[in-house]
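Read through the structure below, which is laid out as structure tokens, and then see the notes.
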Amino acid sequence: MNNWDEDSITMAVAAARDCLGAAERGAVRSVLLVSGTLPFAERLNAGVVAGALDLDESAAAFDLTGSQTAALSGFAQAAALAAGSSGPVLLTAADVRKTRAASSSELDYGDGAAAFLLGKDQPIAEILAQTAITVDFIDHFRLAGQDIDYHWEERWVRDEGIGKIMPRAIAQALSESGVEAAKVDRFIFPSTFAKIDVQLAKKCGIPAEAVVANLSDQVGDTGVAHGLLLLAQVLETATTGQVIVLAQFGSGGQVLVLRVTGQIKSFKPRLGVSGWLDRGVIENSYTRFLVYKDQLQVERGMRGEQDKKTALTTAYRHRRALLGLVAGRCKITGQVHYPPSRYSYTQGAPALDTQEPYPLAERLGTVLSWSAEFLSFHLSPPHQYGQIDFDGGGRILMDFTDVAQGDIATGTRVEMVFRVKDTDEVRGFKRYFWKATPVPAQPAAPVQA
């Protein structure tokens, strides 16, 4: 499950940061966000992702939604954009879905995100074929304005939908790619139906050992992001020449066929799927789960009644500082100022227009001072915040997240994460900012005998 301050935008940012190196960001020409749970119906959600990543404002941004196959539709669009672009295209996919309490969907669903960089230079995998079959087969639906999916009967979906549509789509993709079914090395088919991936592989002539485990016991089904999430995990251990087939069912079906190139030998994600799974924390409180999913209203008290209206004019003027966490570094003194301004307020040496942009989001910091208090309302009490000194300069008062009581102390090393700051429930607006979270401890080195 996601934390209370995470949604499809923040999770897409986290996946994109894992995918991108700092040096690659300036070259990105487009960014796509695919999600069935976009936070804003009328605001470019991918534009928020681009701002948080501090991409060049000349980069185009697109939102995609509408089906469980939307991520593969996004993959096709990103590949087409990259083929005709002077730089790479960033594809992100994320879902944070709601369910009814005690429903089967509550047991099946998970929250997750994935990101890929598509381009022409030194790819770790090449596209052999991508095909689609469009059929208005309704296995589940959700009307605009509704939060919860309505699912049709499982046997009908399995036998008439997946069992008849997907073999056609897979056969078409293999035919166009020139790959025999028996030569497929890894087969990905995300579904909540047990063993349906094995059954589908057998029906298509794909070896049973090629079927990729769907991580249902670790993260659940993460919606539109799940196929790309599994693909990212497969690429962590892929070898040169392997053929990967990713198939997705929804309003018909789509299939992607890839061949791993020799560049895979130099590929190493920042954390990767396995690294994020290692960071996971088990949540044992069902009440907390319901609260974080906004399914249970809790008492906030008088201190939780404040108006959280966002000044959109101020948010625009300081958009790079707020979304990208970009400070200003004085070219004369070298001191870092946040928020940045035209004036460098170094004591005894004021200066005008001497600051240049100085990004902080990818820098580590150290807790200088901190507080943990129960007086104000907070969804994850106590409310923990403190002064952070950044490596290389700069100091900001920040909230802490993904922490329990006792996790923060003076001297704690922290890293930055992009999260929901708060929500204006009167006007229906979410405000985003960066928070600090402890740097995970490195596993101890094995003792040499």
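The values are calculated or read from the model by the stated rules, or taken from the named source; none is laboratory data. Bear in mind the structure is a predicted one, so any value in this text is a computation, not a measurement. We place every Cβ from the backbone using ideal geometry, glycine too, and count neighbours over all the protein chains shown. Remember, those area values only see protein heavy atoms, side chains included, never the ligands or the DNA or RNA. Shrake-Rupley method; radii C 1.70, N 1.55, O 1.52, S 1.80 Å.
Is it the case, given these coordinates, that residue 404 is among the aliphatic types (A, V, I, L, M) and either closer than 23 Å to residue 315 by Cα or at pLDDT 95 or above (or both)? In short, no. Can you list the helices (runs of 4 or more DSSP H) lying wholly within segment 225-337 that have 3 or more residues being in contact with a strand residue (DSSP E or B) (Cβ under 9 Å, 6 or more places away or on another chain), of a type in the set (A, V, I, L, M, F, W, C) and under 30 Å from residue 376 (Cα atoms)? Per the criteria, 319-323. The set of residues in segment 239-269 being small (Gly, Ala, Ser), more than 22 Å from the chain's Cα centre (by Cα) and open to solvent by less than 60 Å² (accessible area, probe 1.4 Å) consists of 241, 251, 252, 253, 262. In segment 203-218, the qualifying residues are those that are assigned to a loop (DSSP other than H, G, I, E, B) and within 27 Å of the chain's Cα centre (by Cα), and the one that is farthest from residue 108 (Cα to Cα) is 212.
For segment 282-313, residues that are of a type in the set (S, T, N, Q) and touching a Lys or Arg at 6+ places or on another chain (Cβ under 9 Å) total 2. The set of residues from segment 172-202 being part of a helix (DSSP H, G or I) and surrounded by fewer than 16 Cβ atoms within 10 Å (Cβ to Cβ) comprises 175, 176, 182, 183, 198, 202.
Contact map, segment 232-251: first residue under 24 Å from residue 90 (Cβ atoms) and in contact (Cβ under 8 Å) with a residue 24 or more places away in the chain, second residue part of a helix (DSSP H, G or I) and of a type in the set (Val, Ile, Thr), Cβ cut-off under 8 Å, separation 6 or more or different chains; pairs are 232/273; 233/273; 235/264; 236/273; 238/264; 244/234; 245/170; 247/170.
May I ask you to verify whether residue 329 is basic (Lys, Arg), surrounded by 13 or more Cβ atoms within 10 Å (Cβ to Cβ), in contact (Cβ under 8 Å) with a residue 40 or more places away in the chain and closer than 22 Å to residue 432 by Cα? No: the conditions fail for residue 329. Taking every residue in segment 378-405 that is part of a strand (DSSP E or B) and pairing it with any residue that is among the charged types (D, E, K, R) and at pLDDT below 95, at least 6 positions away or on another chain, the pairs with Cβ-Cβ distances below 6 Å are 383/373.
Out of curiosity, is residue 219 more than 19 Å from residue 257 (Cβ to Cβ), crowded, with 22+ Cβ neighbours inside 10 Å, hydrophobic (A, V, I, L, M, F, W, C) and in contact (Cβ under 8 Å) with a residue 24 or more places away in the chain? Here the answer is no, as residue 219 does not meet what is asked. At least 3 residues being open to solvent by less than 30 Å² (accessible area, probe 1.4 Å), of a type in the set (D, E, K, R) and under 27 Å from residue 1 (Cβ atoms) is the threshold, and among the strands (runs of 3 or more DSSP E) wholly inside segment 39-128 not one reaches it.
Condition check ((1) touching a His at 6+ places or on another chain (Cβ under 6 Å); (2) farther than 15 Å from residue 247 by Cβ; (3) modelled with pLDDT under 95) across all residues:
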site	(1), (2), (3)
109	no, yes, no
112	no, yes, no
116	no, yes, no
120	no, yes, yes
131	no, no, no
136	no, yes, no
160	no, yes, no
179	no, no, no
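The condition of being closer than 25 Å to residue 53 by Cα, at pLDDT 95 or above, in contact with a strand residue (DSSP E or B) (Cβ under 9 Å, 6 or more places away or on another chain) and buried (at least 16 other Cβ atoms within 10 Å of the Cβ) holds for only one of 360, 397, that being 360. Take residue 345 and tell me if it is more than 28 Å from residue 148 (Cβ to Cβ), open to solvent by 80 Å² or more (accessible area, probe 1.4 Å) and either free of Cβ contacts under 8 Å to residues at least 60 places away in the same chain or among the basic types (Lys, Arg) (or both). Here the answer is yes, as residue 345 does meet what is asked. Go through segment 16-38 and give me each residue that's basic (Lys, Arg) and outside any helix (DSSP H, G or I). Matches in segment 16-38: 29 only. Put simply, of 191, 175 the only residue that is within 30 Å of the chain's Cα centre (by Cα) and among the small types (Gly, Ala, Ser) is 191.
What number of residues within segment 91-108 satisfy the criterion of being farther than 28 Å from residue 18 by Cα and touching a helix residue (DSSP H, G or I) at 6+ places or on another chain (Cβ under 8 Å)? It would help to see each step written out before you state the result.
Step one: list which residues in segment 91-108 are farther than 28 Å from residue 18 by Cα, which gives 99-105.
Next, from what is left, pick out any that are touching a helix residue (DSSP H, G or I) at 6+ places or on another chain (Cβ under 8 Å): 99-101.
Residues in segment 91-108 being farther than 28 Å from residue 18 by Cα and touching a helix residue (DSSP H, G or I) at 6+ places or on another chain (Cβ under 8 Å): 3 in total.
Give the residues of segment 363-381 that are touching a strand residue (DSSP E or B) at 6+ places or on another chain (Cβ under 7 Å) and at pLDDT below 95, sorted by residue number. Correct list: 373, 376.
When residues in segment 411-441 are screened for being more than 17 Å from the chain's Cα centre (by Cα), of a type in the set (Ser, Thr, Tyr), within 19 Å of residue 48 (Cα to Cα) and open to solvent by less than 50 Å² (accessible area, probe 1.4 Å), 0 of them pass.
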